Structures are given as C-alpha cells and as structure tokens.
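To keep things clear, I will list the structure first and then write my remarks on it.
The values are calculated or read from the model by the stated rules, or taken from the named source; none is laboratory data. All values derive from a computational prediction rather than experimental measurement. No Cβ is skipped: glycine too gets one built from the backbone with ideal geometry, and neighbour counts run over all protein chains shown.
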Amino acid sequence: MGEKEKDKHVEEYNPFEHRQVAKPNSDLRSLANLIKSSLGSGILAMPLAFSNAGWGVGVVGTIIVAFICGHCVHIFVETSRGCCRKERKPLLSYADTCGAAFANGPKWIRPFANFARIFAEFSLFFTYLGVCCIFTVLIATSIKQLFDTYMTEVSLPVEQYCLILLAPLCLLCQIRHLKWLAPFSLLANLLLFATFAICLYYIFKEPIKISDKKVVGDLSRLPAFLSTVIFAMEGIGVVMPVENTMKKPQHFLGCPSVMVIAMTLVMLLYTILGVFGYLRYGDVLRGTITLNLPMDDWPAICAKVFISITIFLTYPLHFFVVIDIISRFAEPRIPEKYHNIMQISARVFVVIFCGAIGIALPYLEQIINLVGALFYSLLGLVIPGLVETVFRWEDLGKFNWILYKNIFIVFCGMFSLVSGCTVTIYDIIALTHEKTV
C-alpha cells in the first residue's frame with residue numbers, strides 16, 4: 001500500500017463512529033466535569049499567587065498561562081484523535097496517546113514508545129495522588145478553622161482532622177463511573193460559585209486601596225506564582241476521560257466548544273479573584289482566600305463550609321485518574337472473581353495513603369506549589385509539546401513553526417518545573433525548621 005493510499009485509509013477511519021461508551025455524558029455534563037477539573041481549590045489560592053507576582057504581572061501572567069494551557073489541551077486532544085485514526089482505535093487514554101504518538105513518529109524515536117506511555121502513566125498517577133493529598137489538607141484546614149472558632153472546647157491539630165476525614169472519603173471514593181460523579185461535580189460547581197460570590201462580597205465590601213500594593217512583585221517569587229497558577233488551571237489529566245466519555249466528542253474542540261467555554265470561564269474567574277483578592281488582603285494572604293475571611297459573619301462561615309463540601313465532592317473526580325491507572329495495571333494480573341475486592345481495597349488504600357502524606361506535610365501552600373511545579377508542568381506543558389512535535393514530525397508547518405512553538409512551550413514547562421521546585425523546597429525546609437525550633 002502506497003503512502004497516499006495509507007493516508008486515505010487513515011482519513012477514512014472515524015474514531016467517533018466506533019466508540020462504544022456504556023454511560024456517555026452530554027455536553028453539559030462534560031462541561032461540568034471539565035470546569036470542575038480546572039476550577040477547584042486552586043482558584044482560592046490565586047490571590048496568594050498574585051501577592052507573589054504583583055497585581056500587574058499577575059493579570060498578564062494568568063492570561064498567558066491560560067492561553068498556553070488551553071492550547072496544550074487542544075493540541076493533545078488533536079494528537080490523540082490523529083493517533084486513533086492511525087491506530088484504528090475508537091479512543092485512547094492520556095498515556096496511550098503518548099505511546100501511540102511515539103510509535104507513529106519518526107523511525108529513530110519509535111523504540112521509546114513504551115517508555116513514553118509508562119512515563120506518562122507515572123506522571124499522571126503522581127500528579128493526581130498529589131492533588132488528593134492537597135484536598136485532604138485543604139478540607140481539614142477549613143474544618144479546623146470552623147471548630148477552633150465555634151467549638152473552642154475541641155482543639156485538635158490539622159493532622160487529626162486529616163485522620164478523621166479518611167472514613168467519609170473512603171466511602172465517597174467507592175463511586176466507580178464518571179457519569180455518577182457528574183451530579184456531584186454540578187453541585188460542587190454551584191457551591192464553588194457561591195463561595196466565589198461570597199469572597200467577592202468581602203473583597204468589595206469596603207473601598208480597595210491600590211497604592212500600597214505591588215504592580216510587580218519580587219522576581220525570586222515568580223516561580224511560586226507560576227506553580228500556583230499552573231496547578232490551579234491545569235486539569236489535563238481529566239481531559240481525555242471527559243472527551244472519551246462524551247456522547248458527541250466532536251463538540252469538545254472548536255469555537256465555541258466545551259473546551260473553549262470551560263477555559264474562558266476559568267481564566268476570567270481566576271483573574272478576577274486573583275487581582276481583587278490580592279488588592280483587598282495584600283501580603284497577609286494565607287494558602288486559600290477563604291482562610292482570610294472573618295470568622296464572625298455568617299456569609300464567611302457559609303463560604304468556609306461550602307469550600308469544604310466542594311473539595312470533598314471534587315475529591316473522587318481527581319481520585320478517578322489514580323484508581324483508573326491502578327486498575328489497568330492490576331486487573332489483567334488478578335483473577336476476575338477478585339476484581340471487586342481489589343477495587344474496594346485499592347480505593348481505601350489510596351485514600352489512606354494520601355491522608356498519611358497530608359498528616360506528614362500539612363503545608364497547604366507549599367504542597368500546591370510543589371505539585372504545580374513538578375507534575376502539572378510535565379503533564380500540561382512539557383508532554384503535550386513533545387507529543388505533538390513527535391507525531392507531526394513529517395509536517396511541522398511552514399518554516400517549522402510548530403517545532404519552534406513547541407520548543408517554547410517545553411521551555412516554559414521546564415522553567416516552571418525547576419524554578420518552582422527549588423523555591424518550594426526552600427520554603428518547606430524553612431517552615432520545618434521554624435516548627436522544630
């Protein structure tokens with residue numbers, strides 16, 4: 001078969017026509033899941049990110065990061081669909097897309113296809129494991145603040161609240177289908193918007209003073225800003241499961257589309273809360289803005305309760321990525337009659353493990369920065385840039401513009417990774433030293 005016949009054969013295969021999804025999601029449900037994957041606890045950390053960068057750099061930086069992250073989602077999904085046509089498969093996961101892109105790339109790189117797939121699986125696994133650790137600490141911190149104020153006879157450290165949370169999280173994480181998680185995502189989105197509105201109420205309650213706020217922050221804190229924004233905005237690990245379970249996956253990309261609507265809404269909300277949250281509270285901001293709200297007002301109390309419930313309901317959506325990877329590795333090696341026991345046991349074990357990490361390192365801001373810098377930079381920027389370049393090696397556009405564009409994206413990802421990790425590790429060492437002195 002000649003090259004032209006091969007290309008025609010590839011183009012004729014439509015992966016959407018061959019997809020058989022047991023419980024497909026509508027565009028609205030897919031939009032709810034996608035927004036929830038990007039619009040989580042990170043939005044409440046945005047004012048702190050702006051305090052690191054300054055409000056001027058923060059606004060410009062957030063828009064640029066949103067554009068780059070959205071572009072990376074677009075090129076990754078496009079590459080995945082191209083790989084589906086070449087491999088004649090109805091759908092591919094994130095890691096399978098990486099493997100297929102290398103397998104269909106230039107001959108010299110094809111031997112690395114299996115390594116690319118395994119590397120992507122491990123990156124996904126540890127990213128969302130880190131997110132689950134952050135969520136555990138965030139819920140525990142919010143609950144502790146409420147109990148410390150209104151039940152003064154109960155005074156427990158945040159580590160013990162992490163421990164108490166394990167039982168309800170174990171039960172919630174027994175839900176096994178994304179379709180069944182969609183109602184929880186919808187409710188979580190509503191509560192998050194309510195929290196967002198309450199935060200705006202306190203931000204604009206009194207006149208905002210701009211003169212004493214930094215337009216440009218300390219350059220040494222710029223990596224912390226980038227890490228937080230990338231962590232807050234990236235939901236690429238959930239993108240392929242969402243796109244693969246859509247009733248009409250052709251509505252995922254394009255303009256307008258599920259992805260464009262989701263990313264535009266996320267960018268606007270992040271920028272608004274980030275800049276005005278910083279202008280209101282300045283450099284005294286804590287890990288999330290809800291922790292700065294007053295403790296004697298009922299709207300603020302509602303916001304703290306809402307965010308705890310929101311993160312609690314969002315936990316299983318991110319947990320889904322972790323357990324999906326474990327299932328795909330474990331189930332072929334375990335007799336079918338034990339699959340149910342394996343699922344229950346693995347889900348309980350992962351929740352307990354994340355709780356243990358949260359107990360060992362209850363530093364919310366630093367864990368957010370570390371996960372954002374180390375894992376989301378890899379998943380959301382470096383890997384999509386490399387994968388599109390490899391897959392399109394024979395057609396990189398006029399003057400190889402796709403190659404140069406992706407070199408820039410990979411450079412941004414590596415800069416965020418190295419500088420963000422360095423700054424965050426120094427912060428953790430300093431905090432640990434203060435705690436032990």
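Okay, here's what the table says:
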| quantity | calculated |
| --- | --- |
| Per-region count, the stretch 344-364, residues touching a residue at least 60 places away in the same chain (Cβ under 8 Å), part of a helix (DSSP H, G or I) and surrounded by fewer than 20 Cβ atoms within 10 Å (Cβ to Cβ) | 5 |
| Any hit, the stretch 292-303, residues being under 15 Å from Ala49 (Cα atoms) and modelled with pLDDT under 85 | yes |
| Of the criteria (1) within 30 Å of Phe76 (Cβ to Cβ); (2) in contact with a Gly (Cβ under 9 Å, 6 or more places away or on another chain); (3) among the β-branched types (Val, Ile, Thr), which one Val158 fails | (1) |
| Top-ranked residue of the stretch 109-143 - restricted to ones that are charged (D, E, K, R) and touching a residue at least 12 places away in the same chain (Cβ under 8 Å), ranked as farthest from Pro316 (Cα to Cα) | Arg117 |
| Residue match in the stretch 39-49 (condition: surrounded by fewer than 23 Cβ atoms within 10 Å (Cβ to Cβ) and in a helix (DSSP H, G or I)) | no |
| Filter result for the condition that a residue is of a type in the set (A, V, I, L, M), in contact (Cβ under 8 Å) with a residue 12 or more places away in the chain and either part of a helix (DSSP H, G or I) or surrounded by fewer than 14 Cβ atoms within 10 Å (Cβ to Cβ) (or both), over Leu265, Leu253 | Leu265 |
| Complete set of residues in the stretch 50-96 that are farther than 30 Å from Lys304 by Cβ and not in a helix (DSSP H, G or I) | Arg88, Lys89, Pro90, Leu91, Leu92, Ser93 |
| Pairs with Cβ under 7 Å, 6+ apart, first in the stretch 171-186 and within 10 Å of Arg347 (Cβ to Cβ), second buried (at least 21 other Cβ atoms within 10 Å of the Cβ) and hydrophobic (A, V, I, L, M, F, W, C) | Cys173/Phe319; Cys173/Val351; Ile175/Leu181 |
| Breaking point among (1) touching an Asp or Glu at 6+ places or on another chain (Cβ under 9 Å); (2) part of a helix (DSSP H, G or I), for Gly274 | (1) |
| Residues located in the stretch 191-207, provided they are surrounded by 13 or more Cβ atoms within 10 Å (Cβ to Cβ) and not hydroxyl-bearing (Ser, Thr, Tyr) | Leu191, Leu192, Phe193, Ala194, Phe196, Ile198, Cys199, Leu200, Ile203 |
| Matching option when the condition is among the hydroxyl-bearing types (Ser, Thr, Tyr), in contact (Cβ under 8 Å) with a residue 24 or more places away in the chain and farther than 24 Å from Tyr94 by Cα, among Ser419, Ser377 | Ser419 |
| Filtered residues of the stretch 134-164 (kept if modelled with pLDDT of 85 or more and surrounded by 23 or more Cβ atoms within 10 Å (Cβ to Cβ)) | Thr136, Ala140, Cys162 |
| Residues (outside any helix (DSSP H, G or I) and buried (at least 20 other Cβ atoms within 10 Å of the Cβ)) located in the stretch 289-310 | Leu293 |
| Restricting the stretch 276-288 to residues that are buried (at least 23 other Cβ atoms within 10 Å of the Cβ) and touching a Phe, Trp or Tyr at 6+ places or on another chain (Cβ under 8 Å), the residue that is farthest from Ile139 (Cα to Cα) | Tyr278 |
| Residue in the stretch 82-91 that is surrounded by fewer than 24 Cβ atoms within 10 Å (Cβ to Cβ) and either within 19 Å of Leu190 (Cα to Cα) or modelled with pLDDT under 85 (or both) present | yes |
| Those residues of the stretch 100-117 which are among the charged types (D, E, K, R) and surrounded by 15 or more Cβ atoms within 10 Å (Cβ to Cβ), in sequence order | Arg117 |
| Cβ pairs under 9 Å, 6+ apart, first in the stretch 79-108 and farther than 22 Å from Pro24 by Cα, second among the polar types (S, T, N, Q) and assigned to a loop (DSSP other than H, G, I, E, B) | Lys86/Asn104; Glu87/Asn104 |
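Results for (1) modelled with pLDDT of 90 or more; (2) of a type in the set (Asp, Glu), shown as yes or no for each residue.
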residue	(1), (2)
Ala356	no, no
Glu365	no, yes
Pro384	yes, no
Val387	yes, no
Leu396	no, no
Ile409	yes, no
Thr424	no, no
Leu431	no, no
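Here's the yes/no breakdown for (1) under 20 Å from the mean Cα position of the chain (by Cα); (2) within 12 Å of Phe135 (Cβ to Cβ):
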site: Val305; (1), (2): no, no
site: Phe312; (1), (2): yes, yes
site: Ile323; (1), (2): yes, no
site: Pro332; (1), (2): no, no
site: Ile352; (1), (2): no, no
site: Tyr363; (1), (2): yes, no
site: Leu370; (1), (2): yes, no
site: Leu378; (1), (2): yes, no
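Residue-wise test of (1) within 16 Å of the chain's Cα centre (by Cα); (2) more than 17 Å from Gly56 (Cβ to Cβ); (3) not hydrophobic (A, V, I, L, M, F, W, C).
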{"site": "Asp212", "(1), (2), (3)": "no, no, yes"}
{"site": "Thr245", "(1), (2), (3)": "no, yes, yes"}
{"site": "Ala262", "(1), (2), (3)": "yes, yes, no"}
{"site": "Phe276", "(1), (2), (3)": "no, no, no"}
{"site": "Leu293", "(1), (2), (3)": "no, yes, no"}
{"site": "Asp297", "(1), (2), (3)": "no, yes, yes"}
{"site": "Cys302", "(1), (2), (3)": "no, yes, no"}
